[in-house]
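I have placed the structure first, in the form of structure tokens, so that the comments after it can refer back to it.
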Amino acid sequence: MKKLLQPKVLGALGVLIIVGVLVSTVQVGAQVVSIDANLSISPNIISFETVFPGEVHYKPLVVNLSDSFLGEDILDDVEYRIVQKPKPRIDSPEEREYCSHFPNDLTRCYPSLCPYLSKTADNTPANDTSIPAYHDPDAPSSIAYGRLAKSDNDIEDNWVIDLHTPCFRGQCDQTNSVPEHYQLDPSMNGQVFGCDLVVEVLSISYNKKCPTCELGPDGQPIVIEVANDISIDFNQNPPAYIGDPALQPYFMYSKASSTPSGWNAIFDTGGKSIHFGSGVTLTTVPVGTGNSKYAPGIMIKTKCDLVADASSEIIVHSTNQDAGDIVINTGHNAKINGLIRNQQGASLRRPGNITVAAWCGDITQGKDGWVDDWGRHAGARTINLLACDVGNIEINGLVLGRASINSPNPKSQPKINVASFAGSVAVNANTTQPLYPHFSYSGSTKSMWGGLISWISGHYKPGAVRVQAEKDITVRGHGKGTYDSFGAISAKAFSSGSNGGLVDVRSLSGNISGSDRAFDVEARNANDTIPYGAINLASGKNIFLSRLGLNADFGPTLDARSSGGGSHGGSNFIRAYQGAVTNGTNSVISADATGTNSTDGTNNLTSCTGVTNTGTIFPADANGVDNIGACADAEPQPMWQSCADFGLNP
């Protein structure tokens, strides 16, 4: 199974002074920075020191599968390419972008050395593509391609980078070995030439033995169509299956626990996919009497896909007793366009957890999708969205953990965990209008966009949202609505003096991008017994923050503000382990506090290659010393190693 990845810049060829006669010794280098988790490159410097026009120089460039790639059994091969790009005189992302559009502006870009560099593959095995010198570096035919694969025992490519030093027109040797089109104007004698040599990872593939979908006579996966409601009644012995017969052959149950909240209705369809049609409800009948009822849990397992259409529902609902968990475990894709809700609907006890796991596919939530863990005075529990081995996670709807608490000692706050162990995470909360313009809950009304939201009402202690991905994490926020609203990823509590929660986002080997109201823990923070609101962004590569909206309603991008008498600003911790932090035009990073006797919070920005700020950071970065050069650690520490940390198996 193959997944396309974003390109990764791994190296750059430096500058060269070309003169008609030898005047000095000049080093030409390829500064290689291993910032991709899948490949490593050596040597660090490719050096052509003393060169004359017409000479040919050969230097090795070795591309290897990285130690971390070799250590992952699930990973098999990497496809990459070597391209050439104009080299800026000042090396920065902005100048590289400029020179890609205006390479002939020699005040900011070097004259191009790219046509004179060849890339010769080792041809062992013959799965790489060489490129000779004297070529148009912008032409698709001038791109060298490589492939490394553990399954082919091909873990190292030994390239030869040839520098065919150009000559000046009228001064070339008699053999005319340099084509006329590539001979230089003599007026360029003594100028400095340059070329960026870039290795880009195109894709990786996996040798994971993914679960097999069962196929029908037409060669397509068999799909179990659920068109009508299903309920499982544990008040009867044995539990009664009521409703659409489609899942009945795959139904079993567990009553191993001493309490009904530990009982489960289990649906295991093997290699068959499951499709819950529009308007279908799957639920368990509460167990108990009067106003005291447990709710057994629901476990759904398929080796193939699960699709839940808009307005479908998977519901567990208890009253004054604990509810069981909802667990959806798919071998391939999980497409959630309906409602998954675990609710405790009265004063006592809590709902169960909700877990959606995909092992060899994506989790995709549509705009109509809603995952809802809903508690009362004892609090809420945890939502887990997990792409376990291969796959990405895309959130377009609402993932909400909430509790309305009128108790001094709730047992737990709502927590949301999102993890893609080999892929990316995208949270798309950038719809023009809220998904729910008048969302009423616990005596308040919100303008509710999509996203990952942990919401406590009536208590000062908030919950947390944690997101981890191996690759990129992209969070697209929104503006403001008619009523108060949350950012795209938000953890808040609402009561007198309540504190902001924790938003912790970590991309281990990729980038983090946040736009508009992306990250939000804004609160008064007037309770000193617990930490104030905090946002932690940590990326293996770069962090890009931007405001795309028209006005200040689309910010702050990072919001750890506070307001009111005695309020305290929260904390924003931002670190790019092997890249840069960019806070773009009009983007705001804020831990500002307003009100009588208020205290501002802190902003801490740390990076390997630099911090660029054309927006607003308030208060100012608490430690400017580590804005550049903090490169010792390769990537953030993971919060979890695998889905086994959540007690899951394929």
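Miscellaneous remarks
- Considering only residues in region 155-181 that are under 42 Å from the mean Cα position of the chain (by Cα) and open to solvent by less than 10 Å² (accessible area, probe 1.4 Å), the one that is modelled with the highest pLDDT turns out to be Asp157.
- Considering Asp173, Asp196, the condition of being out of contact with any strand residue (DSSP E or B) (no Cβ under 9 Å at 6 or more places or on another chain), of a type in the set (D, E, K, R) and in contact (Cβ under 8 Å) with a residue 40 or more places away in the chain is satisfied by Asp173 alone.
- Candidate set: region 50-85, residues that are in a loop (DSSP other than H, G, I, E, B) and of a type in the set (Asp, Glu); chosen: the one nearest to Pro179 (Cα to Cα): Glu55
- With respect to the stated conditions, Arg89 fails to be touching a strand residue (DSSP E or B) at 6+ places or on another chain (Cβ under 8 Å), of a type outside the set (Phe, Trp, Tyr), farther than 30 Å from Asn613 by Cβ and open to solvent by 50 Å² or more (accessible area, probe 1.4 Å).
- Restricting attention to region 359-411, the residues that are hydrophobic (A, V, I, L, M, F, W, C) and in contact with a His (Cβ under 7 Å, 6 or more places away or on another chain) add up to 2.
- Members of region 117-129 found to be open to solvent by less than 50 Å² (accessible area, probe 1.4 Å) and either under 10 Å from Ile161 (Cα atoms) or free of Cβ contacts under 8 Å to residues at least 12 places away in the same chain (or both), listed by number: Leu117, Ser118, Lys119, Ala121
- Residue in region 486-522 that is nearest to Lys471 (Cα to Cα), counting only those that are of a type in the set (Val, Ile, Thr) and part of a strand (DSSP E or B): Ile512
- The single residue among Leu386, Leu400 that is closer than 30 Å to Asn320 by Cβ and of a type in the set (A, V, I, L, M) turns out to be Leu400.
- Counted as qualifying within region 263-316 are the strands (runs of 3 or more DSSP E) with 1 or more residues that are open to solvent by 10 Å² or more (accessible area, probe 1.4 Å), touching a strand residue (DSSP E or B) at 6+ places or on another chain (Cβ under 9 Å) and over 17 Å from Asn329 (Cβ atoms), namely 281-285, 287-289, 292-295.
- Residue satisfying all of: in region 496-508; open to solvent by 20 Å² or more (accessible area, probe 1.4 Å) and in contact (Cβ under 8 Å) with a residue 40 or more places away in the chain; farthest from the chain's Cα centre (by Cα) among these: Leu502
- Per the listing Asp553, Asp559, Asp600, the residue uniquely more than 22 Å from Lys471 (Cα to Cα), of a type in the set (D, E, K, R) and open to solvent by less than 40 Å² (accessible area, probe 1.4 Å) is Asp559.
- Counted as qualifying within region 213-252 are the strands (runs of 3 or more DSSP E) with 1 or more residues that are open to solvent by 90 Å² or more (accessible area, probe 1.4 Å) and of a type outside the set (Val, Ile, Thr), namely 223-226.
- Of all the numbered requirements in (1) modelled with pLDDT of 95 or more; (2) not in a strand (DSSP E or B), Phe544 misses one, and that requirement is (2).
The values are calculated or read from the model by the stated rules, or taken from the named source; none is laboratory data. Values in this document were obtained by computation on a predicted structure and should not be read as measured data. We place every Cβ from the backbone using ideal geometry, glycine too, and count neighbours over all the protein chains shown. These area figures cover heavy atoms from the full protein model, side chains too; ligands, DNA and RNA do not enter into them. Shrake-Rupley method; radii C 1.70, N 1.55, O 1.52, S 1.80 Å.
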